[in-house]
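The values are calculated or read from the model by the stated rules, or taken from the named source; none is laboratory data. Predicted model only: the values in this text are computed from it and were never measured. Cβ placement follows ideal geometry from the backbone for every residue including glycine, while neighbour counts extend to all protein chains displayed. The accessibility values were calculated without ligands, DNA or RNA, using every heavy atom of the protein model including side chains. Shrake-Rupley method; radii C 1.70, N 1.55, O 1.52, S 1.80 Å.
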Number of protein chains: 2
Amino acid sequence: MTTPPPAEVGAPLSDVDTPALIIDLDAFERNLARMAERAAAFPGLRVRPHAKTHKSPAIAHRQIAHGAVGLCCQKVGEAEVMVAGGIGDVLVTNQVVGDHKLARLAALARQARIGVCVDDPGNVDALSAAMVEVGAEIDVYVEIDVGQGRCGVAPGADTAALAARVADRDGLRFAGLQAYHGAAQHIRDHAERAAAIADAVEAVQASQRALAERGLETARVTGAGTGSWPIEAGSGVYDEIQPGSYIFMDVDYARVCDEQGAPLAESWEHSLFVHARVMSAGTPGRAVVDAGHKAAAVDSGFPAPFDLDGAEFVGASDEHGALAVPHNAGPAVGTLLRLVPGHCDPTVNLHDWYVGIRGGLPDGRVECLWPVAARGALR
Amino acid sequence: MTTPPPAEVGAPLSDVDTPALIIDLDAFERNLARMAERAAAFPGLRVRPHAKTHKSPAIAHRQIAHGAVGLCCQKVGEAEVMVAGGIGDVLVTNQVVGDHKLARLAALARQARIGVCVDDPGNVDALSAAMVEVGAEIDVYVEIDVGQGRCGVAPGADTAALAARVADRDGLRFAGLQAYHGAAQHIRDHAERAAAIADAVEAVQASQRALAERGLETARVTGAGTGSWPIEAGSGVYDEIQPGSYIFMDVDYARVCDEQGAPLAESWEHSLFVHARVMSAGTPGRAVVDAGHKAAAVDSGFPAPFDLDGAEFVGASDEHGALAVPHNAGPAVGTLLRLVPGHCDPTVNLHDWYVGIRGGLPDGRVECLWPVAARGALR
């Protein structure tokens, strides 16, 4: 049920059908290079970008070429697509629960270096049984709740107890700690964000002490995202970062500010857009585009017009986006424009194809069509 | 890039992998029968259900078998899937703008009875040219802005002028008026909703008078949805209704009240669910399920736990759903439960498969796997 691609390679952007997910390849490649350069300032820092953002082996391989040690995934189905696409090292930054999925995870662990997170003793045992069943081994990270209040065990003794259980089970390698603070990524103010991450660092250190008391070594501490990674990287306790959105940027992350108070949109360029078209413009002050919340996710707020001065996105229905536009200079029916997604990850998941544009917006041409290969891989 | 199905036919619901989109077939069929029965109370009323809700020819054919005259779609891509799936009469309840899409629409109009909406003179001319190019004819409805402030022309003279243009162009049949008030569907209070629809009825009547002055007949008035259709059906001016969500119900529509003040969840049963699993439960008062906003759309609010007493859905990230649960009776890791989608249409669009369950929840078995054939058909 994959939809036909919205364009042909070589076509001008103006000939790409709407709505379509487009990448400004020049901006995207600058983001890739900038992460490699910035991460290199932290000696020994491992970069393991998150594939839940892009769901694309084509993009994953470009991240590997820029020094990434492997990829993160959020679901076994995403990891299957990455491994089938030639990625040899994948960490599922999530708990995997249920016999069907554990069997699939074990099959993957025979084909590639695979990691997974745990926060429950019964799940550790089930994971071990699944690995033993097929003769596989897997890296296991104990997830700490570092302040988000979602998954994870309490830092300290509870973490060490679960790690000891992992170390004791066949088929499992205790690989370290997953210490990701998702909610902190989106805190706008740098000082507040740094305070949240400082708490996460303390949680990691308390857990490391508890591990040492049991004679266990913390092999690795992994976590961090686009919003906070320089803080974790500079903490001295994180070995590996898991940024996803830096390749694309989005409206929500663009509002987060760095240490100098500059929005992250100055660190990472907007490279991902929903290419849309005005489909109705009969009323002064209003224009309707053919991209609603089935084309641009609204969980973190509306998308924003990128190249239509004075326009504001004010409402989304399934297949309509309502723009407030200047009364005397509203766009005509048929006008093409680009929207910056409110949240890049779920927006990508609504599309089957990336249309890669070379030569900038709006005059570039289609250089590539990349499938969103793990779109819908939610199991 | 279609994902593998989450279950095998014949398996018990407990063996369906998570997250998965499931239909309680018994409840679904009762909704189908109830709409046929209720619509029959309005002599001559045509029911044209909206396929943007389900995106499935398998469901469309069941609606036809219950008396529907054809289907509505919101996008050409959806209409292509319906026509290829054997549906012979499809109305695209939307403007279709752009040469690629107009050519596809014209190709469809050679294969089936197709209708489309217009609100712009230039678009009327482009539509005519596309039809003439391939020797096709299409039903054209002038969309009136009946109060939503989205697409549509002003009622009255503007509507009649555009209708006259349609009637004058080759390849186009002026078929009537599209008068759908989307925003009114979700007004909770029946009297307020009825007032909004009364305004829509006046807009239609003003347009009919303007058409008559030009010697044009209003062939048909079409519109209405699950929230308001009995009001339009009883108005004497609407010939056709376009309900979508009645087959599934969702959290948002369940809050809308009917003329007796009863929530619509008493008229239409919840038949669509996201089957999910507790993946983390280490903290008293909290449980995390493996369905976030990539599995259950949050544009109209969170999904709701259907069969876990005292639980409330309080937060969604990409692949996690956070539940507040009773402190001393929280579910264990691995517990299966069902979520009622906040909004059925965009939730369906996140999934590749419907898993049809016969025998009720939670003890039924998989009777069928239906592809969400038009998932992602956003062009």
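Farthest towards the positive end of the charge dipole of region A:25-70, among the residues A:70, A:59, A:31, is the Cα of A:70, using unit charges on the Cβ of Lys, Arg, Asp and Glu.
Straight Cα distances below 24 angstrom link residue A:55 to the lysines A:75, A:101, A:294, B:55, B:294, with same-chain residues fewer than 8 positions distant left out. For chain B, a/c is not less than 1.5, where a ≥ b ≥ c are the root eigenvalues of the C-alpha gyration tensor, and a/b tops b/c. That puts it in the prolate class.
Give me the distance between the Cα centres of region A:246-264 and region B:304-369, rounded to whole Å. So the two Cα centres are separated by 34 Å. In region B:162-279, taking the dipole from charged Cβ atoms about the Cα centre, the farthest positive-side position among B:275, B:186, B:261 is held by B:275. Given +1 at the Cβ of Lys and Arg, -1 at the Cβ of Asp and Glu and no other charges, the dipole of region A:18-166 around its Cα centre is 400 debye to the nearest 20.
Computed over the protein assembly as shown, the convex hull of the alpha-carbon atoms projects to a mean area of 31.0 nm². Between copies, the label points at residue A:259 (set 7 angstrom from Cα along Cα-to-Cβ) are spaced 6.8 nm, reported in nanometres from shortest to longest. The alpha carbon centroids of region B:13-42 and region A:41-61 are separated by 43 Å. Taking the Cα centre of the protein assembly as shown as reference, the dipole from Cβ charges on Lys and Arg (+1) and Asp and Glu (-1) amounts to some 880 debye. The mean sequence separation of alpha-carbon pairs under 8 Å and at least six residues apart, normalised by the residue count of chain B, gives a relative contact order of 21 percent. A 1.4 Å probe, protein heavy atoms only, puts the accessible area of residue A:134 near 60 Å². Near residue A:315, once Lys and Arg are set to +1 and Asp and Glu to -1 for all other residues with Cβ below 13 Å from its Cβ, the sum equals -2. Between residue A:329 and residue B:36, the C-beta separation translates, for a Förster distance of 56 Å, into a calculated FRET efficiency of about 0.65. With a ≥ b ≥ c taken as the square roots of the eigenvalues of the C-alpha gyration tensor of region B:1-131, please select rounded if a/c is under 1.5 and otherwise prolate if a/b is larger than b/c or oblate if it is not? Taking the square roots of the gyration eigenvalues as a ≥ b ≥ c, region B:1-131 is oblate.
Among A:100, A:275, the sequence by solvent-accessible area, most first, with a 1.4 Å probe is A:100, A:275. Full extension of the chain between residue A:154 and residue A:191 yields a length gain of 10.9 nm, computed as 0.36 nm times the residue separation minus the alpha carbon distance.
Taking A:296, A:324, A:316 as the candidate residues, the one with maximal mean-square fluctuation in a Gaussian network model of chain A, Cα springs under 10 Å, is A:324. Computed 3J(HN,Hα) for region A:342-354, one whole-Hz value per residue from the Karplus formula 6.51 cos²θ - 1.76 cosθ + 1.60 where θ = phi - 60°, is x, 9, 5, 4, x, 5, 4, 5, 8, 10, 8, 9, 8, glycine and proline marked x. Each Lys or Arg adds one and each Asp or Glu takes one away; over the other residues whose Cβ falls under 14 Å from the Cβ of residue A:34, this sums to -3.
Pairing chain A with chain B buries about 5300 Å² of accessible area. This figure sums both sides and uses a 1.4 Å probe. When only alpha carbons are used to place a centre, region B:151-216 and region A:156-185 end up 62 Å from one another. Select from B:341, B:327, B:370 the residue farthest towards the positive end of the dipole of region B:246-379; place +1 on Cβ of Lys and Arg, -1 on Cβ of Asp and Glu, and compute about the Cα centre. Result: B:370, furthest along the dipole toward the positive end. Accessible surface for chain A, divided over its residues, is 33 Å² per residue with a 1.4 Å probe.
Each copy carries residue B:38; placing its label point 7 Å along the C-beta direction from Cα gives inter-copy distances of 5.3 nm, listed from smallest up.
About the centre of its Cα atoms, chain B shows a dipole size close to 460 debye [charges on the beta carbon of Lys, Arg (+1) and Asp, Glu (-1) only; nearest 20 debye]. Chain B versus the axis that turns it onto chain A: the residue with the nearest Cβ and the distance in whole Å amount to B:2, 3.
Less than 5 angstrom separates the built amide H of residue A:2 from those of B:2, all sequence-distant by 5 or more or on a different chain.
When shorter helices are ignored and each DSSP H run of at least 4 residues is given -39500 (n - 2.57), the per-residue value for chain A at 222 nm works out to -9000 deg cm²/dmol. Residue B:199 label point (Cα plus 7 Å toward Cβ) to equivalent points in the other copies: 4.6 nm, shortest first. With θ taken as phi - 60° and the Karplus curve 6.51 cos²θ - 1.76 cosθ + 1.60 applied, the whole-hertz 3J(HN,Hα) list for region B:51-56 is 7, 5, 5, 10, 6, 9 Hz, x standing for glycine and proline.
In this simple spin-label model, placing a label point 7 Å from the Cα along the Cα-to-Cβ direction at both residue A:11 and residue A:111 gives a separation of 3.2 nm. Whenever you get a sec, compute what percent of the accessible area on the protein assembly as shown sits on carbon and sulfur atoms (1.4 Å probe). Its accessible area is 49 percent carbon and sulfur atoms.
Residues whose amide H lies under 5 Å from that of residue A:315, counting only those 5 or more places away or on a different chain, are A:322; hydrogens are built 1.01 Å from N in the peptide plane. Once backbone amide H atoms are built at 1.01 Å from N, residue A:50 has A:72, A:244 as its partners under 5 Å, excluding neighbours fewer than 5 places away on the same chain. Between residue A:260 and residue B:209, what is the spin-label point distance in nm, taking each point 7 Å from the Cα along the Cα→C-beta axis? Output for this residue pair reads 6.5 nm.
Of the listed residues B:250, B:189, B:26, the order by accessible area with a 1.4 Å probe, largest first, is B:189, B:26, B:250. Cβ-Cβ distance of residue B:26 and residue A:173, R₀ of 45 Å, FRET efficiency by 1/(1 + (r/R0)^6): the value works out to about 0.40. By definition, a body whose alpha carbon gyration tensor gives a ≥ b ≥ c is oblate when a/c is 1.5 or more and a/b is not larger than b/c, and region B:69-192 fits this oblate description.
If you take the beta carbon distance between residue A:103 and residue B:309 as r and set R0 to 25 Å, what does 1/(1 + (r/R0)^6) give as a FRET efficiency, to the nearest 0.05? For R0 = 25 Å, the calculated efficiency reads 0.20.
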